[in-house]
Structure formats: structure tokens, C-alpha cells
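Everything below concerns the one structure shown next.
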Amino acid sequence: MSYQVLARKWRPQTFDAVVGQEPITRTLRNALAANRIAHAYLFAGPRGIGKTTTARLLAKALLCTARRDPEPCGACPACRELVLGTLVDVIEIDGASNRGIDDIRTLRENVRYAPARGRYKVYIIDEAHQLTKEAFNALLKTLEEPPAHVVFVLATTQPHEMPLTVLSRCQRFDFKPIPPELLSASLERILREEKVEFDPAALPLLVRSAEGSLRDALSLLDTALAYGGGRLAADSLAHLLGASAPAQVRAFVGALVVRDGAGALEAIDRAAQEGEDLAVLCRETVEALRRLLLLKVAPRLSPPDLTAAEIEEFRQRPPGSAKTSCSSS
């Protein structure tokens, strides 16, 4: 069997498995339990945080033939076909490549036909903001008053680019970036279940690089495991991501905090000789100083994007030095 990337292998198959979007999944579960299904939904938010996955889960629950509660059973033919992508009553449309008025006219013709099985046909339009103005205008009436068996789910990363007339016809859900602590916990759980040897210090690097996106984090993890020969190590991950090695950042920050100009220049020189991006070094230095000040002001905090060793090192910085560096900046 061919290898399946982690982002696909660990795609949630139940609402409970969706990470970091509890208010949205709770609302959808309650709507399913009360049979209060809207005719059109808008899922908005950054990339890789569960919009399309949640749309598929909603479709799965609506078409599940053995569902007894809000969660789909996962075992009936409809559930299995949806996972395989062969369920004819779930139509996924890429708004980027099917954005013209002719594509929407075809959609308008097809929505009139009854579903092949079950009660619903679900249309998932991804990157919906890329539809043309003419296509949106053609979709308006159908979106407002679709046949009783049709449910639309529009997913977009740019809701502000969509016409207000379309937004007003949809029940809107705004997906948020996944908090660092949940992202870190999810990655650690996946690594342990995959039986992968990993350095705990590498997880904060993944979390920071993913910027709240679980899909991005898993894609980076796949690449890092290939680069590291099946093992996840902090130093190799930093090199792969083009980030400055933690040791270089610590050396530079340490020199800045104690106003050691020569030490700071030496740290920059070492980073340059090792081929590191100095702009990245500056950005990570600013972030490290922010965390240092944060831990000095609130020493009981344990930021999830820092390892235990990094937290302890930050806490041991002399308070007067942190204040000096802040005032000098």
C-alpha cells in the first residue's frame, strides 16, 4: 500500500476529533440533533484549520443512513463512500477553477435533481471567494431558496471579498487559528501513535512555523521526518525550516540582554557563516525577547510554544537585564 501523508491519515472523522473549533462543532451537533439544518453555510477562516473537514463531516452526518445521534456512524455505505470520495450526493467544487457563470449555471441545473440516496445533496464550494461577480449573481437565487434536499457549504479564506448579498444568505461560522497548546498536544499525540522517535524541543518549532494550522504542521512534520530519516530532531528541523538554530538565537539574545556588543556581533557572524537568514534571526530574536519579558512579568506561565528547558532558561535571566534591554530598545 502506498504511503498516506499524515494530513490525510489524521483527518478527523468525527466532530469530536476536530481540533480547536469546539464552539462551531458544538453548534453543528446541536443543529443536527434538533434537525435545524440551514440551507447554506459559510465557513470562513485561515488555511488548514478545519473548514473543509468540518464541511465534509456535516455532509457525512446528513447522509449517514445509520445515524442515531449528531455524530455519523462511520460504518454505513454512505459514510464509507464519503471517506473514499465516491459518494455522488456530496459534490465538492473548487471555486478557483470553476469560477465562471457557465459553471454556476450547470450547478443550478443539477440541484433540481433528487439525491441518489438519503435526504440530501450537499454542495461544498471551496475557495468560494474566487467566483466571479457574474457567477455570484447567478448563484444568489438558488443560494437563497434551494430545493429542500440541497445544502450549500461555502468555504473561504477571504470572506471580505465575497458579496454582502451572498454573506447575508448564509449561516456564518468563523474558524479560528488553533491555539499553540492544542496544536502541540495534537502533534505529540500523533507522533506517539505513529511510534516516531522525537525530540520534545522540536515541537515548539513546528508549532511556531505552522501559525495555527494543523494541516501545515502535519505537512511540515512529514517533510521533517523524511529529512531526519524517520526521527524528529530540533536542530535538523530548524535547518530544514530555514529558521535560526536555537543555540544561535540564545547566544544573540544573551548578548543583547547583558549589553555585550562584541558577543552579539560574534553571534551574528557565526549565523552568517553558517548560511542562516539574518532576517529570520532578527525575527526570532524579537520573539525570544518578547517571551523573556512575558516570563519575567508572569513567571508562572508555561507557553506551549516553548520547551521546558527554554522556559527555565528564560526564567533564569536576570530581571534587571531584561528591563534594561527593554528600555534601551
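Observations on the model:
- From the list 193, 211, the one residue that fits, being under 22 Å from the mean Cα position of the chain (by Cα), without any contact (Cβ under 8 Å) to a residue 24 or more places away in the chain and not assigned by TED's automatic domain parsing to the domain that holds residue 39, is 193.
- Condition check for residue 182 on (1) in a helix (DSSP H, G or I); (2) out of contact with any helix residue (DSSP H, G or I) (no Cβ under 8 Å at 6 or more places or on another chain); (3) surrounded by fewer than 16 Cβ atoms within 10 Å (Cβ to Cβ); (4) not β-branched (Val, Ile, Thr): one failure, at (3).
- Given (1) surrounded by fewer than 22 Cβ atoms within 10 Å (Cβ to Cβ); (2) at pLDDT below 95, index of the condition residue 174 fails: (2)
- Of the helices (runs of 4 or more DSSP H) lying entirely inside the stretch 236-311, those containing at least 3 residues that are within 22 Å of residue 181 (Cβ to Cβ) and either modelled with pLDDT under 75 or of a type in the set (D, E, K, R) (or both) span 278-297.
- Scanning the stretch 217-228 for residues that are touching a residue at least 60 places away in the same chain (Cβ under 8 Å) and surrounded by fewer than 20 Cβ atoms within 10 Å (Cβ to Cβ) yields 219, 222.
- A search for C-beta distances below 7 Å between a residue of the stretch 45-56 that is in contact (Cβ under 8 Å) with a residue 24 or more places away in the chain and any residue that is part of a loop (DSSP other than H, G, I, E, B) and aromatic (Phe, Trp, Tyr), counting only pairs 6+ apart in sequence or on different chains, returns 45/175; 49/175; 50/175; 51/175.
- Cβ-Cβ under 8 Å pairs, at least 6 apart or on other chains, the stretch 167-179 side charged (D, E, K, R), far side in a loop (DSSP other than H, G, I, E, B): 174/45; 176/20; 176/21; 176/45; 176/49; 176/212
- Among the residues making up the stretch 35-50, a single one is of a type in the set (D, E, K, R) and more than 13 Å from the chain's Cα centre (by Cα): 36.
- Yes/no for residue 161 being touching a strand residue (DSSP E or B) at 6+ places or on another chain (Cβ under 6 Å) and farther than 21 Å from residue 25 by Cα: no
- The residues of the stretch 170-216 that are more than 27 Å from residue 153 (Cα to Cα) and basic (Lys, Arg), listed by number, are 189, 192, 195, 208.
The values are calculated or read from the model by the stated rules, or taken from the named source; none is laboratory data. Since this is a predicted model, take the numbers as computed values, not measurements. Glycine gets a Cβ as well: all are built from the backbone with ideal geometry, and neighbour counts include every protein chain shown.
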